[in-house]
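In what follows, a single structure is set out as structure tokens and then discussed.
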Amino acid sequence: MSMINKKRLLENFLKLVQIDSMSTEERAMVDELARQLSALGLSVVEDDAGSKIGGNAGNLIATMPGTVAKPAIMLSAHLDRVTPGLGIKPLVRDGIIYSDGSTILAADDLAGVVGIVEAVQTLLESKEPHGPIEIALTVAEEGGLRGAKNLDYSKLTAKLGFVLDGGGPVGSIVIKGPAQDRIEATIRGKAAHAGVSPEDGINAIIAAATGLARMKLGRIDPETTANIGVIQGGTATNIVPDMVHLKGEARSLNPAKLMAQSEHMRACLEAGARERGARAEVQISRMYAELSLEAGDEVVEIARRAAEHIGLVPTLVTSGGGCDANIFNQRGIATVNLGMGYMKVHTTEEYISVDNLEKIAEWTLAIIQQTPKA
């Protein structure tokens, strides 16, 4: 088996994390990855997802024809990051990569990006036979999977996909993940002077609290979770607030349970508002469908065999979060999400070991090599 260039892999990771690439502002990152993949001889295009989501760059799609008759596979990672993600200064200490503590590291998901790039470069240098490879590097994954939702799927032919964006150890294979509903509500009351005539008002915050007090939130059952994460309302302490906005979510591996939980949250808000003489306007939006694959599915078996081939212990896991793999499966591409081994993501304490970075690239290369002939 060809060996990856560990020095080149680490240098590319340290380079890319220092390129600012917030959601909908990935222009510099897209340009750099387009340059790298084009230099490897891949056919590279950028779709129009950026214009659809109000961003400055689209998804990057790179393709490489196969040299033998194997099914096409898609490799995918996302280019954006969460805040605070500007001005990242990576540090390598005792085999671990950190930020300087003032920002995230953005190993989520540049560990996946560099793993794909290094695997493809190593493959080309080895001149080993391979099937068609399609790379989809998405924008705006954080906060809604908007890049994947607006990807130009006409440019992809693969029916087997591997997303490099899992939070578990390298070797873990996410085969199940929940669908998610977004719940947004506006509670409308009546304004009044809080000191002169409070009895003339209807406090929208109290109405919202009445609904929230009867709502089941947190861990509902082993398959279902729910949360209200944002409450905004009121303008001054001397005004009875006439409006409050709430944002929340519900997730479940079971579609029927998800529908029931979302409708429960709606009913609680509406009943609480009525009880206080207010009115609730509740909107429920399906963000993405569940990810549901089985042990024995072809894409799962390829990932499992590839992990074993390089000495990893593969584990099939269920995730509580969503990722681009949810969208790809909806679009007919059977896709697993692979564990990246990064830790404390979305915090300024995020880190990844150099060893895990190397394993990611090795696993990606093994997946290409372990894809069976057509």
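Quick notes on this one:
- Applying the criterion of being touching a Ser or Thr at 6+ places or on another chain (Cβ under 6 Å) and assigned to a strand (DSSP E or B) to the residues of the stretch 279-305, the residue that is surrounded by the fewest Cβ atoms within 10 Å (Cβ to Cβ) is GLU281.
- Criterion (more than 19 Å from the chain's Cα centre (by Cα), in the same structural domain as GLU358 (by TED's automatic domain parsing) and in contact (Cβ under 8 Å) with a residue 24 or more places away in the chain) met by exactly one of ALA325, ALA280, ALA295, ALA271: ALA295
- Residues that are surrounded by fewer than 24 Cβ atoms within 10 Å (Cβ to Cβ), within 18 Å of ILE135 (Cα to Cα) and under 21 Å from the mean Cα position of the chain (by Cα) occur in the stretch 334-341; there is at least one.
- Unmet criterion (only one of (1) surrounded by fewer than 22 Cβ atoms within 10 Å (Cβ to Cβ); (2) under 24 Å from LEU14 (Cβ atoms)) for ASP108: (1)
- Check on ALA250, surrounded by 14 or more Cβ atoms within 10 Å (Cβ to Cβ) and within 23 Å of the chain's Cα centre (by Cα): yes
- Scanning the stretch 11-63 for residues that are under 21 Å from the mean Cα position of the chain (by Cα), in a strand (DSSP E or B) and over 16 Å from VAL117 (Cβ atoms) yields MET22, GLU25, GLU46.
- Any chance ILE183 is within 30 Å of PRO372 (Cα to Cα), at pLDDT 95 or above and touching a Ser or Thr at 6+ places or on another chain (Cβ under 8 Å): no
- Residue within the stretch 267-290 that is closer than 24 Å to ILE133 by Cβ and among the acidic types (Asp, Glu) present: no
- Flag for THR122 being in contact with a His (Cβ under 9 Å, 6 or more places away or on another chain), hydroxyl-bearing (Ser, Thr, Tyr) and at pLDDT 95 or above: no
- From the options ILE73, ILE61, ILE88, residue that is farther than 29 Å from ILE333 by Cα, of a type outside the set (Gly, Ala, Ser) and crowded, with 19+ Cβ neighbours inside 10 Å: ILE88
- Being more than 30 Å from LYS344 (Cα to Cα), of a type outside the set (Asp, Glu) and either touching a strand residue (DSSP E or B) at 6+ places or on another chain (Cβ under 6 Å) or touching a residue at least 12 places away in the same chain (Cβ under 8 Å) (or both) is a property that does not hold for GLY147.
- Taken together, ARG305, ARG286 contain a single residue that is under 16 Å from the mean Cα position of the chain (by Cα) and among the charged types (D, E, K, R), which is ARG286.
- Taking the conditions (1) touching a Lys or Arg at 6+ places or on another chain (Cβ under 6 Å); (2) crowded, with 18+ Cβ neighbours inside 10 Å; (3) assigned to a strand (DSSP E or B) in turn, CYS268 satisfies each one other than (3).
Yes/no per residue for (1) surrounded by 16 or more Cβ atoms within 10 Å (Cβ to Cβ); (2) part of a loop (DSSP other than H, G, I, E, B):
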{"residue": "ARG274", "(1), (2)": "no, no"}
{"residue": "GLY277", "(1), (2)": "no, yes"}
{"residue": "ALA307", "(1), (2)": "yes, no"}
{"residue": "LEU312", "(1), (2)": "yes, yes"}
{"residue": "VAL317", "(1), (2)": "yes, no"}
{"residue": "GLY320", "(1), (2)": "no, yes"}
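The values are calculated or read from the model by the stated rules, or taken from the named source; none is laboratory data. Everything numeric here is computed off the predicted structure, so don't read it as measured data. Cβ atoms come from the backbone with ideal geometry, glycine included; neighbour counts cover every protein chain shown.
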